[in-house]
Amino acid sequence: MSRSAIPFFGYVTLTLAIAGACSAPPPEIPEPEQPPNQGGTGSSGGSSGNGGTTGGVGGATGGVGGATGGVGGATGGAGGALAGAGGSVAGKGGVAGTPATGGNAGTPPGVGGSAGTPAAGGVGGATTAGTGGASAGTAGAGEVPCEASMVVGSDGFVRAPGASGCWHGYASAGKGAMDMESSIMPTSFAMCGMSCMLRISGELGSATSTNNYTGVVFVGFNVNEATGGGAKGTVTPMGSGLVVTYTNTSASPTVRIQISSGSGEATRWCATLTASPATIPYGMFNTKCWNTAETGAAAYTKAPIDTVQLVLPGADMAGTAPFDVTLVSVKDT
């Protein structure tokens, strides 16, 4: 395969780490100031029920009722009061509250009170069960929900559903660190606005032995980053591969999908795309996807990743060429 498809290593870090052994290191993703997603906590359970009335002479104290419920559960009612003579009645245990969405069920209902010691002429004690617990809180902090398909927010925050859960993080774009020819717009999606799309355009520089294969541009997003920014985390893919949908009206015939964890060559894996949508098994990703027979080439084995990107390497001829690509969606399936 032509060496012209080989990207240089060492990309500009614009706000997202560029990924891929075929191209430069992934950029750090921009971190617009947005408040983290905070979830509520469940309300406490209902109060205990009232015990029974006093029985006749000689009655003993009834046992205490149900145990306290967990989050969202209710406190059990109190046991029966003093039993009267002739017919003691055990106190009734409290009833656990019904948990609302997001809450945990309460503990089992309490055990009823013991019967009082009967005495002549007395009346058994009455009991009242506890009421149900209040509704539980909303989703916990740090949880990011996903829609049925990939969505890009007005601030460039991406949410992409899949077999590994919701991949989420800020998007960015950039070019190679030593690329003196390429120009790209935009490099940040923080002010993308409504109906935001991960689209980049400009002039793609050359990638030849003369310039050490520096011409390359990219667009992508972090896969485990909270809203508001902060340290990005990783995700270990649980599916069998990625389904990638994109558009390309560029003069460049080569488009690659790249996943990465960090900026080192050994933790960037790419695969060449020839159609859209494209289904790429994880076993097809390689640190040298332009030539898997090249020394040092290594297949991807589902190591944790922090970034996914669409990459365009420069052509093997001098000069620049116009490009216009859009990363429409990525899904772990």
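The values are calculated or read from the model by the stated rules, or taken from the named source; none is laboratory data. Bear in mind that the values here come from a model prediction, so they are computed numbers and not experimental data. We place every Cβ from the backbone using ideal geometry, glycine too, and count neighbours over all the protein chains shown.
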Selection count, segment 298-318, where residues are in a loop (DSSP other than H, G, I, E, B) and among the β-branched types (Val, Ile, Thr): 1
Candidates Met197, Met191, Met185, Met180 - the one that is over 18 Å from Ala226 (Cβ atoms), at pLDDT below 95 and exposed (fewer than 15 other Cβ atoms within 10 Å of the Cβ): Met180
Residues being within 26 Å of Glu181 (Cα to Cα) and without any contact (Cβ under 8 Å) to a residue 40 or more places away in the chain - total across segment 212-236: 0
Lone unmet requirement of (1) assigned to a strand (DSSP E or B); (2) at pLDDT 95 or above for Pro322: (2)
From Ser260, Ser240, Ser250, residue being crowded, with 17+ Cβ neighbours inside 10 Å, in contact (Cβ under 8 Å) with a residue 60 or more places away in the chain and within 27 Å of Glu294 (Cα to Cα): Ser260
The listed residue being over 27 Å from the mean Cα position of the chain (by Cα), surrounded by 14 or more Cβ atoms within 10 Å (Cβ to Cβ), closer than 16 Å to Ile184 by Cβ and touching a residue at least 12 places away in the same chain (Cβ under 8 Å), out of Leu327, Leu312: Leu312
The listed residue being in a loop (DSSP other than H, G, I, E, B) and within 20 Å of Val328 (Cα to Cα), out of Ala231, Ala226, Ala275, Ala271: Ala275
Criterion violated by Cys146 - all others in (1) crowded, with 20+ Cβ neighbours inside 10 Å; (2) more than 22 Å from Thr249 (Cβ to Cβ) satisfied: (1)
Among the residues listed as Thr295, Thr245, the single one being surrounded by 14 or more Cβ atoms within 10 Å (Cβ to Cβ) and either out of contact with any Leu (no Cβ under 6 Å at 6 or more places or on another chain) or not in a loop (DSSP other than H, G, I, E, B) (or both): Thr245
Residue that is without any contact (Cβ under 8 Å) to a residue 24 or more places away in the chain and buried (at least 23 other Cβ atoms within 10 Å of the Cβ), where the choices are Ala271, Ala275: Ala271
Search result, residues across segment 223-237 that are loosely packed, with under 15 Cβ neighbours inside 10 Å and within 11 Å of Ala163 (Cα to Cα): Thr236
Test: residue in segment 286-296 that is out of contact with any Lys or Arg (no Cβ under 8 Å at 6 or more places or on another chain), assigned by TED's automatic domain parsing to the domain that holds Thr254, closer than 16 Å to Gly220 by Cα and at pLDDT 95 or above: no
Condition broken by Lys232, with the remaining ones in (1) closer than 22 Å to Pro145 by Cα; (2) at pLDDT 95 or above satisfied: (2)
Of the criteria (1) farther than 16 Å from Leu327 by Cβ; (2) modelled with pLDDT of 50 or more; (3) assigned to a loop (DSSP other than H, G, I, E, B), which one Gly124 fails: (2)
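One line per residue, one yes/no per condition, for (1) farther than 20 Å from Thr234 by Cα; (2) in contact (Cβ under 8 Å) with a residue 60 or more places away in the chain:
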{"site": "Gly283", "(1), (2)": "no, no"}
{"site": "Lys302", "(1), (2)": "no, yes"}
{"site": "Asp306", "(1), (2)": "no, yes"}
{"site": "Met317", "(1), (2)": "yes, yes"}
{"site": "Lys331", "(1), (2)": "no, yes"}
Odd one out for Ala266, checked against (1) within 16 Å of Ala173 (Cα to Cα); (2) of a type in the set (A, V, I, L, M, F, W, C); (3) part of a helix (DSSP H, G or I): (1)
Residues of segment 127-161 classified as among the acidic types (Asp, Glu) and modelled with pLDDT under 50, total: 0
